[in-house]
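Engineer: Structure below; questions to follow.
Derivation of every value follows stated rules applied to the coordinates shown; laboratory data play no part. Keep in mind that what you see is a predicted model, and the values were worked out from it rather than measured. Quick reminder, even Gly has a Cβ in these numbers, built from the backbone with ideal geometry, and neighbours come from all protein chains shown.
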Amino acid sequence: MKPLAEAKLFDGLVRIWATCDRLRNGCCEVCAAKIKISEKDLKKSFEVTEFYPSIEYFVKQYLVVKRLKADLDGRRLKTLTDFAERIKNDLAFPAKPYGAYVAGNYYIKVECPKCREPYMVNVNFRVDEIVFKPIASWVSWYDVIKAIPESGSDFIDYRLRKYLHGDYREIREKVFEEVSAKRFGLLYELVERLKELLGIKVDFWCPPALENRPQFK
């Protein structure tokens with residue numbers, strides 16, 4: 001059945017479309033007037049559903065992490081303090097028990113503009129499942145360490161010297177050597193210290209986990 005109306009939200013990550021058995025040709029069955037549902041009205045109907053807050057939460061989180069990965073890959077974050085500030089600002093979503101709604105439907109009422117005949121229209125939605133993949137699928141702590149060469153804070157370097165016997169630059173180079181030999185102990189230690197010192201609670205993947213890291217296309 002051809003949709004009466006359809007729309008896409010969040011850069012195409014969410015698709016919504018409206019159908020009605022009584023309006024198969026888009027015309028009122030009483031007076032034959034054309035019944036149209038605007039894309040704007042269709043979007044508004046979706047934004048007031050119980051599904052919308054959850055879908056918005058996951059889509060925004062996905063877009064934030066996608067941009068973060070692009071900036072890490074492009075070496076646009078120069079210090080760990082820049083990275084921490086970015087995480088705290090961009091991933092500061094409220095902690096609520098959101099549901100992962102991949103697809104669903106709801107009903108809206110429309111009237112014929114000519115004879116006022118009422119119709120119940122079924123609105124379906126579909127969310128790209130990529131938005132529900134865990135953050136760890138995108139970014140690992142090893143990615144962060146590889147991409148960022150400076151701590152950006154003397155305090156961080158002082159603490160690392162105390163606990164790991166070197167500043168961030170020095171420990172970073174040792175981590176590269178250890179990981180290349182398939183030894184991850186120092187990476188684990190550095191990550192735990194950085195999470196504490198930077199105040200980051202997001203669970204990025206660790207270790208580099210090239211064979212076990214969650215993957216998706």
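Engineer: Give the relative contact order (percent, whole number) for the chain; include only Cα pairs under 8 Å separated by 6+ residues. Display every interim value, and only then the final one.
Structural biologist: On the way: 275 pairs, mean separation 47.0, N = 217.
Normalised by residue count, the contact order of the chain is 22 percent.
Engineer: If you average the alpha carbon positions of the range 51-91 and of the range 131-176, how far apart do those two centres end up, in angstrom?
Structural biologist: 17 Å
Engineer: Read phi for every residue in the range 40-48 and hand back ³J(HN,Hα) as whole Hz from Karplus 6.51 cos²θ - 1.76 cosθ + 1.60, θ = phi - 60°, with x for Gly and Pro.
Structural biologist: 5, 5, 5, 5, 4, 5, 6, 5, 9
Engineer: Along the Cα-to-Cβ line of Glu50, 7 Å from the Cα, sits a label point; which residues in the range 105-140 have backbone N less than 17 Å from it?
Structural biologist: Backbone N within reach: 105-108, 123-125.
Engineer: Give the label of the value calculated from the structure for semi-axes √(5λ) of the Cα gyration tensor in Å, choosing from (i) 27, 24, 17; (ii) 52, 15, 12; (iii) 27, 21, 14.
Structural biologist: The value computed from this structure is option (ii).
Engineer: To test your reading of the geometry: what angle, between 0 and 90 degrees and rounded to tens, separates the Cα axis of helix 185-198 from the longest principal axis of the chain?
Structural biologist: Orientation of helix 185-198: about 70 degrees from the principal axis.
Engineer: Separate question: Given 0.36 nm per residue, what is the gain on full extension from Lys60 to Ala103 after removing their alpha carbon distance, in nm? Walk me through the intermediate numbers first.
Structural biologist: Details: separation 43, 0.36 × 43 = 15.48 nm, distance 1.72 nm.
Full extension from Lys60 to Ala103 adds 13.8 nm.
Engineer: Here is a further query. Could you rank the peptides 156-168, 69-81, 131-143 by their average count of other C-beta atoms within 10 Å per residue, with the highest value first? Mind dumping the intermediate values first?
Structural biologist: Values: 156-168: 16.7, 69-81: 15.1, 131-143: 18.4.
For the peptides 156-168, 69-81, 131-143, the packing ranking is 131-143, 156-168, 69-81.
Engineer: Local charge sum around Glu47 (other residues, Cβ-Cβ under 12 Å, Lys/Arg +1, Asp/Glu -1)? Intermediate results must be reported in sequence, preceding the final value.
Structural biologist: Working: positive: Lys40, Lys43, Lys44; negative: Asp41, Glu50, Glu56.
Summing Lys and Arg as +1 and Asp and Glu as -1 gives 0.
Engineer: Now for a separate question. Need one number: nm distance between label points at Cys27 and Phe132, each 7 Å from Cα along Cα→Cβ, rounded to one decimal.
Structural biologist: It works out to 4.1 nm between the two label points.
Engineer: So what is the 222 nm mean residue ellipticity for the chain from helices alone, if each DSSP H run of at least 4 adds -39500 (n - 2.57) and you divide by all residues, rounding to the nearest 500 deg cm²/dmol? List each step's numbers first, then the result.
Structural biologist: Values: 7 runs with 87 residues, N = 217.
After summing the helix terms and dividing by residue count, I get -12500 deg cm²/dmol.
Engineer: Still on this structure: Give me the percent relative contact order of the range 135-198, please, defined on Cα pairs under 8 angstrom at least 6 residues apart. Provide the component values of the computation, followed by the final result.
Structural biologist: Values: 34 pairs, mean separation 16.7, N = 64.
Rounded, it is 26 percent for the range 135-198.
Engineer: Show the residues, 5+ positions off or on another chain, whose built amide H is closer than 5 Å to the amide H of Glu150.
Structural biologist: Under 5 Å from the amide H of Glu150: Leu80.
Engineer: Moving on to the next point. Run the reach check for Lys44 against aspartates and glutamates, Cα to Cα strictly under 13 Å, same-chain hits fewer than 8 apart removed. What comes back?
Structural biologist: Here the aspartates and glutamates satisfying the reach criterion relative to Lys44 are Glu6.
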